[in-house]
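Here's the structure, in structure tokens; my notes come after.
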Amino acid sequence: MESREKMLRMYRHMLAIRQFEHKAGDLFTRDAVRGSIHLYIGQEAVAVGVCSALEPGDYVVSTHRGHGHCIAKGGRLREMMAELLGKATGYCKGRGGSMHIADFGSGILGANGIVGGGIAIAVGAAFSAKYLKNGRVSVCFFGDGAVNQGIFHEALNLAAVWKVPAIFVCENNLYALSTPFRDAFAIEHVVDRAAGYGVPGCRVDGNDVLAVYEAAREACARARGGGGPTLIEAVTYRMDGHFRGDPCLYRSKQEVEEWAARDPITRFRAKLIESKVASAEELAAIEDEVRAEVEDAVRFALESPDPSPQDMLNDIYA
Ligand SMILES: Cc1ncc(C[n+]2csc(CCOP(=O)(O)OP(=O)(O)O)c2C)c(N)n1
Ligand SMILES: [Mg+2]
């Protein structure tokens, strides 16, 4: 069993993601968000389980559904929220928005609007760790949709041949936009592809934060020990639409309800209480703290200035 402190940190991070996403969704509805957002609600256990196995210097590469990865790796809520609102105080000075948040100081190499666009970047980061012998690992998060992009094949093959310390985390949430997994794959599971690259693979319940954490810990130990990459398939479900405002006509009410009953936060909360790691009162206190942090981030973002037109041509390579 993990330490109490570690488990409570996991709970705190999962809640922070959930509450951040609810606020981001509200602000989007009020037209305060610049550009599109894809919410991570329902998948929190994947980002938190994986990032809890990482060291601060390790790298993560994220996707269009990236807020959770960023928060789990130590991204600051204020700068994230400000970036969604296109403010000068955001991580990218308001120029990137949701799908380009990066924070190199925390090892967050960036979200990606291109499906599969991060996979090769993660292999490059893993190569640098091997070359510099700095003991870091590089984690790439991507969806089931990215697995059928050519870059997945090239990047996994290269990572396996070079034996770089990369961890490929496929968040199989059963849909790529409106396309069900079953219509896009002739194999049973994403993890079946691992054998084709000669890398170990494992399939975990992506709504069980401790199961994800264990799988990531094993993959990290292998990567740091020179054993090369691992492919993890974390099976999960997005509770919201593909994007904010998606009517979700492609999935049944029954399916959505079945997955709602497997809510990763509700499950972890029950487990913490049942195994006497924390009382309901202690968890409620954490919930209040997280709510205050998220509200502070929203306030900070709303009160922040817009970028100045005078700065428009800064940071541009030409
Ligand atoms: C190369 C590319 N093709 C298509 C799109 C449009 N698009 C954005 S997200 C998405 C679905 C991605 O599904 P998945 O990888 O399973 O991630 P999920 O949205 O389920 O988290 C598509 C088709 C894109 N952004 N990039
Ligand atoms: Mg998907």
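Only the coordinates and a few stated rules stand behind these numbers; no lab work does. Nothing here was measured: the structure is a model prediction, and the numbers come from that model. Please note: Cβ atoms are built from the backbone with ideal geometry, for glycine as well, and neighbour counts cover all protein chains shown.
Using the Cα centre of the chain as the reference point, and only Cβ charges (+1 on K/R, -1 on D/E), how large is the resulting charge dipole? Debye, rounded to the nearest 20.
Magnitude of the dipole: close to 700 debye.
Tell me what the chain gives for mean residue ellipticity at 222 nm when only DSSP H runs of n ≥ 4 count, each as -39,500 (n - 2.57), the sum divided by the residue total, rounded to 500 deg cm²/dmol.
Counting only the DSSP helices, I get -14000 deg cm²/dmol.
Determine the percent antiparallel among the DSSP beta bridges restricted to the chain, to the nearest 5.
That works out to approximately 10 percent antiparallel.
Mind giving me the nanometre distance, one decimal, between the label points for ARG9 and VAL161, set 7 Å out from Cα along Cα→Cβ?
3.8
Tell me, what is the FRET efficiency for ASP306 and SER36 to the nearest 0.05, using R0 = 25 angstrom and their Cβ-Cβ distance as r? Please report the intermediate quantities before stating the final value.
On the way: r = 19 Å, r/R0 = 0.76.
The computed FRET efficiency comes out at 0.85.
Projecting each Cα onto the charge dipole of region 161-220 (Lys/Arg +1, Asp/Glu -1 at the beta carbon, about the Cα centre), which of CYS220, GLY198, VAL161 comes out farthest on the positive side?
Value computed over the given set: VAL161.
Please build a GNM for the chain, connecting alpha carbons under 10 Å apart, and tell me which residue among THR179, THR230, THR89 fluctuates the most.
THR179
Please work out the Cα center distance from region 163-206 to region 62-110, rounded to the nearest Å.
Going from one Cα centre to the other spans 26 Å.
D for the chain, whole µm²/s, Stokes-Einstein with Kirkwood Rh over alpha-carbon pairs at 37 °C and 0.692 mPa s: what number? Don't jump to the answer; show the numbers that get you there.
Working: Rh = 19.8 Å.
The diffusion coefficient I find is 165 µm²/s.
Mind checking region 250-309 for chymotrypsin sites (Phe, Trp or Tyr not before Pro) that DSSP puts in a loop (not H, G, I, E or B) and that have at most 15 other Cβ atoms within 10 Å?
TYR250
State to the nearest 20 debye the size of the charge dipole of region 160-270 about its Cα centre, where the only charges are +1 on K and R beta carbons and -1 on D and E beta carbons.
In total the dipole reaches around 360 debye.
Once you place label points 7 Å from the Cα toward the Cβ at HIS22 and PHE104, how far apart are they in nm?
Between HIS22 and PHE104, the label points sit 3.7 nm apart.
If R₀ is 51 angstrom, what is the calculated FRET efficiency for the pair ALA261 and TYR317, using the beta carbon separation as r and rounding to 0.05?
0.55
Report the calculated FRET efficiency for ILE273 and HIS189 (r = Cβ-Cβ distance, R0 = 51 Å), to the nearest 0.05.
Step by step, r from the Cβ atoms, then E = 0.95.
Select from LYS23, LYS163, LYS276 the residue whose mean-square fluctuation is largest in a Gaussian network model of the chain (Cα-Cα springs shorter than 10 Å).
Maximum among the listed residues: LYS276.
Could you work out the relative contact order of the chain? I mean the mean sequence separation of Cα pairs under 8 Å and 6+ apart, divided by the number of residues, in percent.
Dividing the mean separation by the residue count of the chain yields 23 percent.
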